[in-house]
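Reviewing the structure listed below.
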Amino acid sequence: MTSFSTDSKSSLNILVIDGSCEITNMLMRVLFCTGHSAKAFNHPTQALAALKNNSEDFDAIITDDFFHHTEMEITGKMLIESLLDIRKLPILVWSMQVDKLKSVLADSTYLSFLHKPEDLKNIFTWIGNINQSVIHEEDNFPIYQLIYGSKAADEFSEQALIDILHTSRKLNGQAKISGALIYHNHYFLQVLEGEEQAVKTLFHEHIAKDKRHKDVTIFNQEIVDKRHFKYWNMGFFGHHNHDDYELLGLTDFETHPAGAFFKEKLTQTQKALFGDF
């Protein structure tokens, strides 16, 4: 299984444009499980309309420049120029025709190019270089941090993990909570940070009662001097030694921003629960 390193320190909203449903579905799931969210379109004109109507909703764009629909009158060059006319966002052109496209574009200030399909893993390096404004810019309250560990339920699936991430990001955004989640060989590690009562309510009323995990144990809870994951509603690292979990080999713990944090915070006994991560 290929391991992708994601050095991104923020959760980005990414517009994905590709003529292949298989490609857009793959990118949406991969981006989601590496801490980001994506909205995908297989038709360029639909993507342009979405960007025009909600330009502030996106932080970056990943697009192919070649589409197989013969009825389309829009070329790759026209698409990219139209995207930039709407809003100047970082655009990654992931295509089999990048060299041809480079030769016809007058301005590549906002553009990056990768060859499809061999440069897939480098998409995450590109994402990691994108700067995003802080989700929680200023806090007028002390930051409370809670770290817990648990074991996944026996019938836990990859779809269940995606559902957990989706719910976590929604609830955390509403409660101004940031954090990171690790899933490793049937175990969870999670850090939550925000206003004390908000964190405690989320943990005791939602997380501790969730039937998708068991043996929930608080490892540490304290007031800290700052948020460690202020760019993330919920960052993610996942790994599982099983072919059914295709998305969980996408990140490298050594380079993931959560790696150093958990290694520093956890005791040797707590680390031993998770094996060699």
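What to note about this one:
- Relative contact order (%) - criterion: Cα under 8 Å, at least six apart; region: region 69-206: 20 percent
- Between Ala38 and Ile14, the built amide H atoms are under 5 Å apart, and every one of these is 5 or more places off in sequence or on another chain.
- Other residues lying with their Cβ under 12 Å from the Cβ of Leu189 contribute a combined charge of +4, Lys and Arg counting +1, Asp and Glu -1.
- Of Lys200/Lys265; Lys200/Lys226; Lys39/Lys100; Lys39/Lys88, those spanning more than 23 Å from alpha-carbon to alpha-carbon: Lys39/Lys100
- Amide H contacts of Phe219 (H built 1.01 Å from N, under 5 Å, at least 5 apart or other chain): Ile147, Tyr148, Gly149
- Between the amide H of Tyr187 and those of Ala152, distances stay under 5 Å, these residues lying 5 or more places away or on another chain, with hydrogens modeled in the peptide plane.
- When each of Lys52/Lys209; Lys209/Lys230; Lys116/Lys211; Lys52/Lys230; Lys121/Lys263 is checked by Cα-Cα distance, pairs over 31 Å: Lys52/Lys209; Lys116/Lys211
- In order along region 94-107, the phi-based Karplus estimate (6.51 cos²θ - 1.76 cosθ + 1.60, θ = phi - 60°) of 3J(HN,Hα) comes to 10, 8, 7, 10, 5, 5, 5, 5, 4, 6, 10, 9, 6, 10 Hz; Gly and Pro are listed as x.
- Accessible area of Tyr148 in the full protein assembly, 1.4 Å probe (Å², nearest 10): 10 Å²
- Solvent-accessible surface of region 109-219, averaged per residue with a 1.4 angstrom probe and all protein chains in place: 50 square angstrom.
The values are calculated or read from the model by the stated rules, or taken from the named source; none is laboratory data. The structure displayed is predicted, hence computed values, not measured ones. FYI the Cβ positions are ideal-geometry reconstructions off the backbone, even for glycines, and counts take in every protein chain you see. Accessible surface is based on the protein model in full, side chains and every heavy atom, while ligands, DNA and RNA are left aside. Shrake-Rupley method; radii C 1.70, N 1.55, O 1.52, S 1.80 Å.
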